[in-house]
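Enquirer: I'd like to ask you about the structure that follows.
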Amino acid sequence: MTDVGTTKRKPMPPARRLRIFEAHGGKCCLCGEQIDGAREPWTIEHLICLGLGGIDEDKNCGPAHETCRRDKDKLDVRAIAKAKRVKQRHLGIKAPKQPIRGAGFPKHEKQPKKLTKQLPPRRGLYQEDLNG
Ligand SMILES: [Zn+2]
């Protein structure tokens with residue numbers, strides 16, 4: 001089981017950024033494409049993110065495009081939230097009760113179809129024969 005939320009983040013001085021960048025040949029550790037450092041914003045990404053028990057060592061780090069990192073962060077946030085729930089359950093911490101969801105708006109009842117065609121005027125049953 002992975003421990004969560006215990007890894008300390010070390011500072012990322014430029015020399016370390018460069019070392020990690022070069023260790024990966026300047027390739028994005030998320031999409032594998034070459035990073036054009038002069039044109040594309042990039043960052044150092046933890047291969048196993050710290051929130052999921054990854055270590056803050058160079059071997060767990062790689063350069064990544066800003067855009068790739070943002071996509072990964074979204075997934076990581078979900079994974080971290082799940083890992084925290086699992087850890088809490090493991091430690092006997094109960095999650096707060098979820099509020100009971102209302103039924104929402106009542107279903108719109110189907111109205112009977114309105115007649116669009118005008119019916120012909122009713123004729124009397126015992127209409128007198130005017131020609132008679
Ligand atoms: Zn990338």
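Enquirer: Scan the range 7-64 residue by residue and report those that are more than 13 Å from the ligand (Cβ to nearest atom), more than 23 Å from Ala79 (Cβ to Cβ) and either in a strand (DSSP E or B) or open to solvent by less than 30 Å² (accessible area, probe 1.4 Å) (or both).
Expert: Arg16
Enquirer: Could you check the range 65-92 and list, in sequence order, the residues that are open to solvent by less than 90 Å² (accessible area, probe 1.4 Å), of a type in the set (A, V, I, L, M, F, W, C) and away from the ligand (no atom under 16 Å from the Cβ)? Please lay out each step first, then the result.
Expert: Residues of the range 65-92 that are open to solvent by less than 90 Å² (accessible area, probe 1.4 Å), as a first pass: 65-69, 72-73, 76, 79-81, 83, 86-88, 92.
Okay, now just the ones that are also of a type in the set (A, V, I, L, M, F, W, C), so 68, 79-81, 83, 86.
The answer is Ala79, Ile80, Ala81, Ala83, Val86.
Enquirer: Report yes if Leu75 is modelled with pLDDT of 90 or more, more than 23 Å from Leu18 (Cα to Cα) and not β-branched (Val, Ile, Thr), otherwise no.
Expert: no
Enquirer: All but one of (1) over 30 Å from Arg19 (Cα atoms); (2) within 16 Å of the ligand (Cβ to nearest atom) hold for Pro112; which doesn't?
Expert: Failed condition: (2).
The values are calculated or read from the model by the stated rules, or taken from the named source; none is laboratory data. Keep in mind the model is a prediction, meaning the values are calculated, not measured. Counting neighbours? That spans all protein chains shown, and the Cβs are built from the backbone with ideal geometry, glycine included. Heavy atoms of the whole protein, side chains included, go into the accessibility calculation; ligands, DNA and RNA do not. Shrake-Rupley method; radii C 1.70, N 1.55, O 1.52, S 1.80 Å.
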